[in-house]
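Contents: one structure, followed by commentary.
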Amino acid sequence: MRRIGFLACETTLPGDGDRRRGDAYEHDLMIAALAPAFETRGLEMDVIDWEAPLEDFEGLDLVMLGTAWNYQDKPDAFVARLDTLASRGISVCNSPEVVRWNATKTYLRDLAERGAATVPTLWRHSVSRYELEEAFEHFDCERLVVKRQVGAGALDQELIDRKALPNPQWRYGHRAMIQPYLPAIAKEGELSFIFIDGDLSHALRKLPADGDYRIQSLYGGTETKLEPSPEEACAAGAIVSALPFDAPLYARIDMLRAEDGALMVMEAELIEPYLYPEQGPDLGERLARAIAQRLD
Ligand SMILES: Nc1ncnc2c1ncn2[C@@H]1O[C@H](COP(=O)(O)OP(=O)(O)OP(=O)(O)O)[C@@H](O)[C@H]1O
Ligand SMILES: [Mg+2]
């Protein structure tokens, strides 16, 4: 029996209800989908806090980064832990190299340079009203999304209307990326494509709640299964092909449609993405097969 560690964190692990995140049910859905499929392939799954004492990792053959959803609060410690596990001969999926590359959204620039269609973005160390005005000019648009270069869950994100600029003292307190607001988010939603070892597993459409533009479940976003057209599957596959390393064990490619109809990548989630098992009934089996192959 091979042993697979599914990394979690104190706010996704079951336990004291108060500590759990509002979306911790997604952790439960992942475990429910993966554990039985792993067992069928002779893989025993250990769900483990990534911050647990090192001896708790002894005997693991591979760890997947699972639902380590607090890593953003302590990214250096997280990557250091992954390095330590790798140095002890545990296969870390996705690898520390992939994690380092993916932790700052400037990776989108690398993807664009490699020919991928990406949401147009201005990169700024800081943003004041001046940079906003410059961005409205540059994109010739009426609304902007300002977000962190390092961030998740739409934290600190701002949607700014050209007719309602913030006051002159306003500053965005983080390294920022500025994008035109793409209206497709409210109508078609964000399209997510889940790849296992480079093969498309399943896809879904994530829509925001009425009156919001963020598709995260914490803001009332909802998901439905998507049967992608060959063109859509191909557009998502092109993003995986543009990654500057071999296809990782798992990847979630989040895309948004431009006004000209083309799909553009908004994020390539390679660290600890939720993999939407409800929309992908084969996910557990695909992952188990891919992991078993890696351990052969
Ligand atoms: N340019 C944009 N146009 C329209 N909507 C956007 C744009 N950028 C972001 N959004 C909305 O805000 C959400 C959060 O943005 P994004 O995914 O880039 O940030 P995040 O903080 O990494 O979130 P997560 O980690 O949960 O994916 C998106 O899922 C989408 O609903
Ligand atoms: Mg996102």
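The values are calculated or read from the model by the stated rules, or taken from the named source; none is laboratory data. The shown structure was predicted, so the numbers you read here are calculated from the model rather than taken from an experiment. No Cβ is skipped: glycine too gets one built from the backbone with ideal geometry, and neighbour counts run over all protein chains shown. Ligands, DNA and RNA are excluded from the accessible area calculation, which covers all protein heavy atoms including side chains. Shrake-Rupley method; radii C 1.70, N 1.55, O 1.52, S 1.80 Å.
For ALA292, state whether it is away from ligand 2 (no atom under 16 Å from the Cβ), open to solvent by 30 Å² or more (accessible area, probe 1.4 Å) and either touching a residue at least 60 places away in the same chain (Cβ under 8 Å) or acidic (Asp, Glu) (or both).
no
Sort out which residues of segment 36-81 are without any contact (Cβ under 8 Å) to a residue 24 or more places away in the chain and within 20 Å of TYR250 (Cα to Cα), and write them in order of number.
Hit for segment 36-81 is GLU39, nothing else.
Collect the residues in segment 202-220 that are more than 21 Å from LEU270 (Cα to Cα) and assigned to a loop (DSSP other than H, G, I, E, B), keeping them in residue-number order.
PRO208, ALA209, ASP210, GLY211, ASP212, TYR213, GLY220 - these are the residues of segment 202-220 that are more than 21 Å from LEU270 (Cα to Cα) and assigned to a loop (DSSP other than H, G, I, E, B).
Please give the helices (runs of 4 or more DSSP H) falling wholly within segment 107-201 in which 1 or more residues are surrounded by fewer than 16 Cβ atoms within 10 Å (Cβ to Cβ) and more than 13 Å from ligand 1 (Cβ to nearest atom).
Output list reads 107-113, 129-139.
Given (1) open to solvent by 10 Å² or more (accessible area, probe 1.4 Å); (2) in contact (Cβ under 8 Å) with a residue 12 or more places away in the chain; (3) assigned to a helix (DSSP H, G or I), identify the lone condition not met by VAL92.
(3) is the only condition that VAL92 fails.
Check ARG148 against each of (1) more than 25 Å from PRO244 (Cα to Cα); (2) under 20 Å from the mean Cα position of the chain (by Cα) and name the one condition it does not meet.
It fails just one condition, (1).
For segment 6-29, name all the residues that are open to solvent by 10 Å² or more (accessible area, probe 1.4 Å) and of a type in the set (Ser, Thr, Tyr).
Hits for segment 6-29 are THR11, TYR25.
Within segment 204-253, how many residues turn out to be open to solvent by 30 Å² or more (accessible area, probe 1.4 Å), in contact (Cβ under 8 Å) with a residue 40 or more places away in the chain and within 16 Å of ligand 2 (Cβ to nearest atom)?
7
Going residue by residue through segment 36-45, is there one that turns out to be at negative phi, open to solvent by less than 60 Å² (accessible area, probe 1.4 Å) and not in a helix (DSSP H, G or I)?
Taking every residue of segment 36-45 in turn, at least one turns out to be at negative phi, open to solvent by less than 60 Å² (accessible area, probe 1.4 Å) and not in a helix (DSSP H, G or I).
When the residues of segment 1-35 are narrowed to those that are in contact (Cβ under 8 Å) with a residue 60 or more places away in the chain and acidic (Asp, Glu), which ends up farthest from TYR274 (Cα to Cα)?
Looking at the filtered set, the residue picked out is GLU10.
Output the qualifying pairs, or none if there are none: Cβ atoms under 6 angstrom, residues six or more apart or on different chains, first residue in segment 142-157 and closer than 19 Å to ASN102 by Cβ, second residue within 11 Å of ligand 2 (Cβ to nearest atom) and assigned to a strand (DSSP E or B).
Qualifying pairs under 6 Å: GLN157/LYS147.
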